[in-house]
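What follows draws every value from the coordinates through simple rules; no lab data is involved. Since this is a predicted model, take the numbers as computed values, not measurements. Here Cβ is always computed from backbone atoms with ideal geometry, including for glycine, and neighbour counts include all displayed protein chains.
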């Protein structure tokens with residue numbers, strides 16, 4: 001049985017919505033060290049990044065021609081700037097006044113993932 005392996009990636013998107021294949025970045029960092037693992041857990045600590053489950057990607061053919069319409073559907077389902085309570089900074093008691101000034105309006109991203 002393979003020992004647990006942790007890989008950390010710093011990813012900075014260049015746009016509000018971006019599909020990023022993390023596989024090449026992982027391989028660049030650890031080579032084929034993950035080949036011994038049947039399952040991998042991805043997480044993003046308090047960001048609105050999301051990971052598509054492998055089965056979903058397979059159903060969509062790992063194709064931008066299929067992924068783009070899927071995400072456009074989600075963007076219609078959860079439109080940006082739709083007045084979500086999460087985006088009403090003056091109601092957010094868990095944030096300091098300084099945090100409220102820089103907190104992005106991004107409830108739609110949370111709902112998507």
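Might you let me know whether the range 28-36 holds any residue that is within 11 Å of the chain's Cα centre (by Cα) and farther than 19 Å from residue 72 by Cβ? Among the residues of the range 28-36, not one is within 11 Å of the chain's Cα centre (by Cα) and farther than 19 Å from residue 72 by Cβ, which makes the answer no.
For the range 57-102, taking the residues that are within 17 Å of the chain's Cα centre (by Cα) and part of a loop (DSSP other than H, G, I, E, B), the one that is nearest to residue 21 (Cα to Cα) is identified as 62.
Residues of the range 64-76 that are touching a helix residue (DSSP H, G or I) at 6+ places or on another chain (Cβ under 9 Å) and without any contact (Cβ under 8 Å) to a residue 12 or more places away in the chain: 66, 70. The combined condition, being in contact with a helix residue (DSSP H, G or I) (Cβ under 7 Å, 6 or more places away or on another chain) and in a loop (DSSP other than H, G, I, E, B), is not fulfilled by residue 26. Residue selection: residue 44 fails the criterion of being surrounded by 14 or more Cβ atoms within 10 Å (Cβ to Cβ), under 30 Å from residue 4 (Cβ atoms) and under 17 Å from the mean Cα position of the chain (by Cα).
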